[in-house]
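Asks: Please see the structure below; I have some questions.
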């Protein structure tokens, strides 16, 4: 009897190790409550009050910078909107404007990517408040062989790429890659 129990436990442990399940690290969900960090492909509306020539829409390039008139390249990756506005204001004070008032808003977030067992895998626009289930619906819904309870998400946090398995009710962040697995049976 004890040998059977040990054998069953060994088989269960072996199957569990083959499942590939990775519980998301704590930082994975902490980012959901922190200010949004800018990254490549975010499109920003930057307003310098009283300076219509400087106010425009700018895109964060692949290197993580925006090219801003008068002051050149400004690092945006990893900063929130207020930090970027302060940086632009600081640079404009260095011989260009006396007391610039700068505002930064996200015009268009970077896209999310949906792969695996969905009807139309690909790149999709992020919408504020989007959940995994909303994202899958955007991609045409689950495929016929999709595992529909949870998905794998790849998320970049502070330059580090993290993976985790989350339920479909979890929120999505801009830039996330969602992978819908195929069910076994």
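The values are calculated or read from the model by the stated rules, or taken from the named source; none is laboratory data. All values derive from a computational prediction rather than experimental measurement. All Cβ positions, glycine included, derive from the backbone under ideal geometry; neighbour counts span all protein chains shown.
Asks: Residue check: is residue 84 in contact (Cβ under 8 Å) with a residue 12 or more places away in the chain, part of a helix (DSSP H, G or I) and closer than 25 Å to residue 137 by Cβ?
Replies: Values: in contact (Cβ under 8 Å) with a residue 12 or more places away in the chain: yes; part of a helix (DSSP H, G or I): yes; closer than 25 Å to residue 137 by Cβ: no.
No, not satisfied.
Asks: Follow-up question, since we're still on this one. Which condition does residue 172 not pass, out of (1) touching a helix residue (DSSP H, G or I) at 6+ places or on another chain (Cβ under 8 Å); (2) under 30 Å from residue 52 (Cα atoms), if it passes all the others?
Replies: Unmet for residue 172, out of (1) touching a helix residue (DSSP H, G or I) at 6+ places or on another chain (Cβ under 8 Å); (2) under 30 Å from residue 52 (Cα atoms): (2).
Asks: Could you tell me which numbered condition residue 74 fails, if it satisfies all but one of (1) surrounded by fewer than 18 Cβ atoms within 10 Å (Cβ to Cβ); (2) in contact with a helix residue (DSSP H, G or I) (Cβ under 8 Å, 6 or more places away or on another chain); (3) at pLDDT 95 or above?
Replies: So residue 74 meets the others, but not (1).
Asks: Among (1) in contact with a strand residue (DSSP E or B) (Cβ under 9 Å, 6 or more places away or on another chain); (2) under 30 Å from residue 51 (Cα atoms); (3) surrounded by fewer than 13 Cβ atoms within 10 Å (Cβ to Cβ), which single condition is residue 129 missing?
Replies: The one condition residue 129 does not meet is (2).
Asks: Let me ask you something else. Looking for something at pLDDT below 95, crowded, with 16+ Cβ neighbours inside 10 Å and either on the phi > 0 side of the Ramachandran plot or not assigned by TED's automatic domain parsing to the domain that holds residue 147 (or both) - is there at least one such residue anywhere in the range 84-92?
Replies: Filtering the range 84-92 for residues at pLDDT below 95 gives none.
Looking for residues that are at pLDDT below 95, crowded, with 16+ Cβ neighbours inside 10 Å and either on the phi > 0 side of the Ramachandran plot or not assigned by TED's automatic domain parsing to the domain that holds residue 147 (or both), one finds none in the range 84-92, hence no.
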